[in-house]
1. Per-residue accessible area for H85 at 1.4 Å probe radius, Å² rounded to 10?
2. Can you give me the Cα centroid spacing of region 63-78 and region 104-174 in angstrom?
3. Carbon and sulfur together cover what percent of the accessible area of the chain at a 1.4 Å probe radius?
4. Taking every pair of alpha-carbon atoms in region 9-60, what share in percent sits in each 5 Å bin, from 0 to the bin with the longest distance?
5. So what's the back-of-envelope 222 nm ellipticity for the chain, counting only DSSP H runs of four-plus at -39500 (n - 2.57) apiece and dividing by all residues, rounded to 500?
6. Full-extension gain between D174 and V161, please, as 0.36 nm times their residue separation minus the C-alpha to C-alpha distance.
7. According to the Cα gyration tensor, what semi-axes, each the square root of 5 times an eigenvalue, does the equivalent ellipsoid of region 80-125 have, listed from largest to smallest in whole Å?
8. If packing is taken as the average count of other Cβ atoms within 10 Å, what order do 9-18, 165-174 fall into, highest mean first?
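The values are calculated or read from the model by the stated rules, or taken from the named source; none is laboratory data. Predicted model, so just to flag it, every value in this text is computed and none were measured. Cβ sites come from the backbone with ideal geometry, for glycine too, and all protein chains shown count toward neighbours. These area figures cover heavy atoms from the full protein model, side chains too; ligands, DNA and RNA do not enter into them. Shrake-Rupley method; radii C 1.70, N 1.55, O 1.52, S 1.80 Å.
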Amino acid sequence: ALARDNGYPMVIVITGVQTNLLDQSAGRLETDLGLQNNRKWRLFLNPKLDQQRQIAEVLGDWSDQSLPDHRRQTVLITVLKNTTHLRNLINVLHQLDLQAFPALVIDDEADQAGLNTRVVQGGQSTTYQRLVALRQCLPRHTYVQYTATPQAPLLINLVDVLSPRFVELLTPGD
């Protein structure tokens with residue numbers, strides 16, 4: 001919600017590797033943001049190329065300075081951390097002109113599947129490649145890794161493009 005309040009027209013949430021995690025994340029976002037009754041958000045679940053036009057239309061409203069803020073919707077994309085779904089999202093984003101649109105990318109369960117598991121062999125794992133390609137599609141973005149087990153992202157080589165620049169420990173609520 002803060003991303004929208006601060007002028008981010010697009011938020012991408014990369015969920016875990018299993019469908020139940022995608023459903024859980026989408027359900028929480030739907031509840032927490034009140035998506036059923038809130039016209040400020042437009043949810044796209046695992047978007048495919050046939051939804052590119054809809055996403056472009058929603059983003060287009062952010063270019064219209066005469067349109068009041070309450071009439072603009074923020075694109076909210078939830079995508080499973082799976083090579084096929086990430087590739088589909090990358091294909092959609094490649095069709096869009098995103099130069100003027102900042103995006104917030106949240107990699108939930110950042111310790112799962114997104115780390116380069118082929119670094120020792122001098123290669124790149126497929127999901128890692130997709131995450132790097134996703135970031136390259138977004139000229140202006142913030143990439144946030146979120147996990148309850150932060151050891152894995154902290155052990156990444158510092159020169160790795162997905163290595164965190166800083167870490168913030170969040171204390172759990174009630």
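1. Probe radius 1.4 Å; accessible area of H85 about 50 Å².
2. 28 Å
3. 48 percent
4. Bin by bin from 0 Å, the calculated values are 4, 17, 26, 24, 21, 7, 0.
5. The per-residue figure over the chain is -9000 deg cm²/dmol.
6. 1.2 nm
7. 24, 13, 11
8. Ranked from most to least packed, the peptides come out as 9-18, 165-174.
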